[in-house]
Amino acid sequence: MTNSIPNFYDPVNFEEVCEHFAGIIREYLNKAVRGEEIPVITRKSPAQMLEEWNEQIPKEGVGFTKGIELVKRVIDDSIHIHHPRYMGHQVCGPLPLTILCDMIMSMLNNSSVVFEMGQVATTLELRLTQWVCDLIGYPSDAGGIITSGGSVGNLTALLAARQVMCGGNVWQDGYLETARRPAILVSKQAHYCVKRAVQIMGLGADGAVTVDVDAEYRMDMDALKEAYRKTTESGRKVIAVVASGCTTATGTFDPINDIADFCEYHKLWLHVDGAHGAAALLSPKYRDLLKGIERADSVVWDLHKMLLMPSLLTAVCFRKKAHSYSTFAQEASYLFTAAPEEEWFNIAHRTLECTKPMLALKAYISLMSYGSAVFGDYITNCFDLAHIFADILEKADDFVIAVRPDCNIVCFRYEPANCPAEKIDQLQRDIRQQILDEGNFYIVQTVLHEKQYLRVTLINPLTKEADLLLLLENIRKIGGNKLAGIG
Ligand SMILES: Cc1ncc(COP(=O)(O)O)c(C=O)c1O
């Protein structure tokens, strides 16, 4: 029997493969970054994609040359997020340096959950999360971990809240000893993963009590008080409030400081879902949007959103590090030998994940290489650009915005005078469909107060005001044709 696998590790062959891949990446970046010779997206239907990607996994390999062709096809069929006219969801075009760091991460494949299995990986994770704790303004007994994404991060933080706030030992005994069913108060505009986390925790669909927002989509403080009163009167025990910093749809920051006052008064856990908006911590100009964040018991920040990191890289930080140890208290003699607090270097005591790659590497190397100030400038620029865009939209008589943006997310509608009111929602949907079909821009949509809006996240450092003006020109052209019954 032949054994070819050892040949695949041959460093000389690998160098040749590297050259091909470097060439492919260079070519992609060259086109995408300039926004030329490459669309943002070449849209295909799910059926068409399955049809085109119908090759069976062969028993004998297709060979390196064909393999490279497949990689090129993957790039062609993907959304080109580095393109300046990608302005869709909160996903960033990763810094080229981080692409290479991910290669090193994969090569070493050291885990960052148990010190013995990855001493650098663990150390970098502790160092990176310490930096985030310091940015938040937490005291010296704070601490954090990295999770695979904001959804897992929010769940991890809320599991800690449950353990600390429910009374008894829910982790050990379930809810048996909990006299009253726990509930968590969360804004109507919170990301869906928060409600999902609450349901995963077995608190039921009504375990996440939604709090109304004001006209600017911020958690309404009167509504929060009312929700607390009603929930408590119904016999449930409110254990936590989740503040959005910021919300996904409109990028609105809840009044964290006021919510912190409320939580302090009622002795509730305050969690800030800063998956997108905690990046403002780095911007001297916009940091105040997060006023009071240092009072939160836990904070989540996705570095794969506004820190130009590839997915997934989420910091989950606790004002009192000790709180995070009780969340998953578990024996596993093959991994752990002592109590969690004594084994502060074994991060698995505090994470849902068991195996976890050296996720902190890319952020650590980027921050050390470039310094944190450039990221602060990038965040400030993105937020500034959104304000400029909002000004342009407000001045135009055929566009309206849903709300003045707090950060780099803008929701708006095309409302030309000749469009009947009952057709305006459909017009937005049609325009977006055609924009994606044409492939020159990637924008998204959302519904607010039952109205259909177009939505952009200005997350790409390469996007300029000129790209936004071009977008509006495109929308006018497509919208005009739709209204005239053309196209
Ligand atoms: C406010 C907020 N929280 C949580 C999430 C979920 O994060 P992830 O996609 O990393 O799981 C998102 C995603 O966009 C978000 O905007």
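Just so it is clear, none of the values below were taken in a lab; they were calculated from the coordinates. This is a predicted model, so every value here is computed, not measured. Glycine also receives a Cβ, built like all others from the backbone with ideal geometry; neighbour counts cover every protein chain displayed.
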Considering only DSSP beta bridges whose two residues both sit in the chain, what percent are antiparallel, to the nearest 5?
55
Taking placed amide H atoms and a strict 5 Å upper bound, the residues 5 or more places from Q445 or on another chain that come that close are R455
Quote the relative contact order of the chain in percent (integer), defining contacts as alpha-carbon pairs under 8 Å separated by 6+ residues.
20
Given points 7 Å out from each Cα along the Cα-Cβ axis, report the A205 to V71 separation in nanometres with one decimal.
4.8
Along the charge dipole of the chain, Cβ charges K/R +1 and D/E -1, which of A280, N257, N3 sits furthest on the positive end?
N257
In whole angstrom, how far apart do the alpha carbon centroids of the stretch 279-308 and the stretch 368-441 sit?
22
For q = 0.17 Å⁻¹, what log10 I(q)/I(0) does the stretch 268-406 give under the Debye formula with an equal point scatterer on each alpha carbon and no solvent?
-1.06
Selection from V410, L176, V62, by position along the positive dipole direction of the chain (Cβ):
L176
Towards the positive end of the charge dipole of the chain, with charges on Cβ (+1 Lys, Arg; -1 Asp, Glu), say which of W53, I347, A32 has the farthest Cα.
I347
Cα centroid separation, the stretch 464-487 to the stretch 2-77 (Å):
34
Intensity falloff of the stretch 82-200 expressed as log10 I(q)/I(0), Debye formula with alpha-carbon point scatterers, at q = 0.17 Å⁻¹:
-1.17
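Treating only the Cβ atoms of Lys and Arg (+1) and Asp and Glu (-1) as charged, compute the dipole magnitude of the stretch 110-370 about its Cα centre; round to the nearest 20 debye.
In total the dipole reaches around 280 debye.
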With Rg from the Cα atoms and Rh as the Kirkwood inverse mean 1/r over Cα pairs, the stretch 110-370 has an Rg/Rh of 0.96
Volume in Å³ per residue [convex hull over Cα atoms, computed for the stretch 5-93]:
131
Please get the size of the charge dipole for the stretch 274-406, origin at its Cα centre, with Cβ charges of +1 on Lys and Arg and -1 on Asp and Glu, quoted in debye to the nearest 20.
260
Compactness ratio of the stretch 206-262: Cα Rg over 2.2 N^0.38 Å, N = residue count?
1.12
Ordering of 450-459, 362-371 by packing [mean C-beta count within 10 Å, highest first]:
450-459, 362-371
Once a ≥ b ≥ c are taken as the square roots of the eigenvalues of the Cα gyration tensor of the chain, is the result rounded (a/c under 1.5), prolate (a/b larger than b/c) or oblate (a/b not larger than b/c)?
oblate
What helix-only [θ] at 222 nm does the chain give? Using -39500 (n - 2.57) per DSSP H run of at least 4, over all residues, to the nearest 500, the answer is -13000 deg cm²/dmol
Note on the stretch 134-263: alpha-carbon gyration tensor, axes a ≥ b ≥ c; rule is a/c under 1.5 for rounded, else prolate if a/b larger than b/c, else oblate; result oblate
If every Lys and Arg gets +1 and every Asp and Glu gets -1 at its Cβ, then about the Cα centre the stretch 232-290 yields a dipole, in debye to the nearest 20, of 140
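Using Cβ contacts closer than 10 Å as the measure, can you line up V62, V209 from fewest to most?
Listing V62, V209 from fewest to most nearby Cβ atoms yields V62, V209.
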Alpha carbon Rg of the stretch 121-182, scaled by the compact-globule rule 2.2 N^0.38 Å:
1.39
Averaging 1/r across every pair of distinct alpha carbons in the stretch 373-483 and inverting yields a Kirkwood hydrodynamic radius, in angstrom, of 14.4
